[in-house]
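The values are calculated or read from the model by the stated rules, or taken from the named source; none is laboratory data. Just so you know, these numbers come straight off a predicted model, no measurement behind them. Positions of Cβ are backbone-derived with ideal geometry, glycine not excepted, and every protein chain shown enters the neighbour counts.
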Amino acid sequence: MTRTFRMNEVQPRLLDETGQGIIGAPLVRPEGHLKVSGQATYAAEAKVENLAHGVLVRATITKGRVLKVDEAGVRDMPGVLAVHMTDERMIRNPAQGMMGESPVRDGKYIEYLGQPIGVVVAETFEQARDAAQRLKIEYSEEEAEVDPDNASETEWTDKEDYGDIDMAMDKAAHSVDEEYITAAHVAGAMEPHAAIAVWEGDKVTLHGSCQLVQFNVKELADALNIEEENVRILSPYIGGGFGSKLGISNEAVAAAIAAKDLGRPVRVVMSRQQVFDAVLRRTETTQRIRLAAEADGTLLGIEHRDRVSNLPNEGFSEPTNQATHFLYGGANRRYRQETARIHRNPSGSVRAPGEAVGMVALETAMDELAEASGVDPVELRLRNIPETHPETGLPYSARMLAECLKDGASSFGWDQRQAPRARREGDWFTGMGVASAARMNMLLPSEARVILTPTGAIVETDMTDIGTGTYAILGQIAGEMLGLPRELVEVRLGDSSFPKAAGSGGSFGAASSGSSVFLACKAIRDQIADKMGCGGDDLTLSNGLARCGNVEKKLEDLIDSDIVEVAQIKPGDTRKEAFSSGFGAHFAEVAVHAWTGEVRVKRMAGTFAAGRILNERTARSQCWGGMIWGIGTALTEAAEHDPRRGHIITRDFANYHMPAHLDVPQLDVKFLEERDDYANPIQAKGIGELGISGAGAAVTNAIYNACGVRIRKFPAHPDVVL
Ligand code: MOS
């Protein structure tokens, strides 16, 4: 039986009393050696007999209809087994997990160039690819709009007002009114989208690369028009997701349809170019920020307008202004978002949707306000930290933004910062920049089973590990709670037959799934305490020993059969009592070449407070990843779209440049000790996306301090800097 707990029924802090030193410790990932030695089986590597290979067929027009497919023309090619075209089940756009509705589409209708419209199956991958490329398709083509700035169809996707920003701008002693442009991004997970589908009768097992298993089961069942009970998804190892695997995608549906028809398992793996073409992108944005401030830099108000884009009818719009709502004070606030309906590949969640690009604009504007008001940028931010949420009036649950800014400034040597263009060494201008970090925090329903055996423990949940360290932290939580070394806790993930977890997304995974494991372990502790004849609070579990007062027993003597507990966390009403977010501060030092505009990041440091840190090593790695993406946002990463046909032209990692080793200096990451009692029972907050939020602006603000060039178009390629 599942025990369900609501957040407000849980008494927190137990993890501070168990005293095992396991939780928080920088332990290595238990599955790490499997991954680096090639023993971890990713979706495409599942050992399946008699595999056939499918390759997606993609539209070569931007908008229109499929009139005719010459299937006969490729059916006789060597090895070709099947051609499935314009099946509307497959033509669904990559779903958004639970992040937004994506309607089922008419199977013959094309909405963007590169859209998957079918799959060719053959004995070998090469044969399938050859046939997919030779397949002749006739279309009727329609005029397509692909430019977000000149779209005839736009929609207001956000309109909110507090006070009167126009009045605030009129009476402001200092103000900023600027436009910022950020480029489209791709998730760029190391493992491309891949799936193997295996049918037994009416039941399908999908080896997939999925972030949100329980939602992906629903989506796949929905696409195939079968019952959820007949779908099993296995996703034990995932080579990165960053949002691109939140929803079930074309390769999975295509593999399932083809395998059913053929009566044989089918594998479909996207090429890197296909991932660029057909997987959700982060939208490009055009943002206008107006800041109104008093003489001392105190904000009177903020306006954040933005224009993003997506296909017609897609439910997702990048929540660009998400952090603007709660980061700084000012009674007068206005938000406007317009979504341009255009025929580029669909946009969706990409790491820290909202903050990742919204904060780049906001934090640049704050730097401009610092300049305008003559207030130091760190001091300006400190001055504008509101007492309560500026729009709802709610208190903040735990917020160490000021401490992060101060601690970061002092360890970075911020007091050495000079006026713009004041530091020049040879041909290089050098400067420093700062930006706040913030990423709102969520708790989602999540369930786990914990089994205590006489010799150890097993954790089972359909939670995923997308490279973030879930195996490590769930083992640590169980180890800490049950007094077992982490090695004696086996963590089993990514199987839809296990209890349903929140999944990996929105930085809610660790805290949500961790809370369910914590609660199941707590229930086990209560059972043990009963056997020992004491209350749960008086029980100590350590190294396989249970102790109550003077009584001490070996766990293996105490339990004759396995103790099994299933627990579910559900958000209670605590969100109505306090507003929870992770916070931090980024500092960067850059050198800008006086003649070429080349920018080198020399140092970068992030100080973060995100509640309890569950594993210092995996948390640090998350922040490194985010900060590196911040460098990419600032300097290199741009998914450029063809102005005529809308498709991405920078469709490999040579043209879409993610920061590589030489682009990334030593990154210092520091965590401040914090507990968030309102967030969840384990008092941890999301960290996966906190590291990217704001990071890019620290780099470009440093460019301004170095050479006096204000970056308002991202990334700051040399032509933008010069
Ligand atoms: Mo995240 S962009 O919700 O994987």
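Just one residue in the set Leu246, Leu234, Leu212 is more than 16 Å from the ligand (Cβ to nearest atom) and out of contact with any helix residue (DSSP H, G or I) (no Cβ under 6 Å at 6 or more places or on another chain); that residue is Leu234.
Of the residues examined, Gly239 is one that is touching a residue at least 24 places away in the same chain (Cβ under 8 Å) and within 16 Å of the ligand (Cβ to nearest atom).
Annotation: of all residues in the stretch 175-192 being surrounded by 21 or more Cβ atoms within 10 Å (Cβ to Cβ) and either away from the ligand (no atom under 15 Å from the Cβ) or over 16 Å from the mean Cα position of the chain (by Cα) (or both), the one that is nearest to Ser446 (Cα to Cα) is Pro192. Listed here are the helices (runs of 4 or more DSSP H) enclosed by the stretch 614-722 that have at least 1 residues being in contact with a strand residue (DSSP E or B) (Cβ under 9 Å, 6 or more places away or on another chain), modelled with pLDDT of 95 or more and within 16 Å of the ligand (Cβ to nearest atom): 616-631, 695-707. Can you confirm whether Gly549 is more than 20 Å from Arg492 (Cβ to Cβ) and within 16 Å of the ligand (Cβ to nearest atom)? It is false that Gly549 is more than 20 Å from Arg492 (Cβ to Cβ) and within 16 Å of the ligand (Cβ to nearest atom). Return a yes/no flag: does the stretch 604-627 have any residue that is more than 27 Å from Ala409 (Cβ to Cβ), hydroxyl-bearing (Ser, Thr, Tyr) and either surrounded by fewer than 18 Cβ atoms within 10 Å (Cβ to Cβ) or touching a helix residue (DSSP H, G or I) at 6+ places or on another chain (Cβ under 6 Å) (or both). No: zero hits.
Please determine whether any residue of the stretch 593-605 is within 30 Å of Leu443 (Cβ to Cβ) and either touching a Phe, Trp or Tyr at 6+ places or on another chain (Cβ under 8 Å) or not acidic (Asp, Glu) (or both). Yes, some residue in the stretch 593-605 is within 30 Å of Leu443 (Cβ to Cβ) and either touching a Phe, Trp or Tyr at 6+ places or on another chain (Cβ under 8 Å) or not acidic (Asp, Glu) (or both). Within the stretch 404-431, residues that are in the same structural domain as Ala697 (by TED's automatic domain parsing) sit with their Cβ atoms under 6 Å from residues that are at pLDDT 95 or above and charged (D, E, K, R), at 6+ positions apart or across chains, in these pairs: Leu405/Arg381; Thr430/Arg423. Each residue in the stretch 456-482 was checked for being part of a helix (DSSP H, G or I), farther than 23 Å from Leu539 by Cα and of a type in the set (S, T, N, Q), and 1 of them qualify. Of all the numbered requirements in (1) within 16 Å of the ligand (Cβ to nearest atom); (2) modelled with pLDDT of 95 or more; (3) touching an Asp or Glu at 6+ places or on another chain (Cβ under 8 Å); (4) within 18 Å of Glu191 (Cβ to Cβ), Thr285 misses one, and that requirement is (4).
Scan the stretch 458-473 for residues that are more than 16 Å from the ligand (Cβ to nearest atom), buried (at least 24 other Cβ atoms within 10 Å of the Cβ) and β-branched (Val, Ile, Thr) and the total you get is 3. Does Leu488 fit the bill of being without any contact (Cβ under 8 Å) to a residue 60 or more places away in the chain, touching a strand residue (DSSP E or B) at 6+ places or on another chain (Cβ under 9 Å), assigned by TED's automatic domain parsing to the domain that holds Gly19 and crowded, with 24+ Cβ neighbours inside 10 Å? Criteria not met by Leu488. Does Arg341 count as surrounded by fewer than 23 Cβ atoms within 10 Å (Cβ to Cβ), of a type outside the set (A, V, I, L, M, F, W, C) and closer than 20 Å to Arg305 by Cα? Answer is yes for this residue. Taken over the stretch 304-355, the criterion of being closer than 29 Å to Met169 by Cβ, within 16 Å of the ligand (Cβ to nearest atom) and touching a His at 6+ places or on another chain (Cβ under 9 Å) is satisfied by Thr320 alone.
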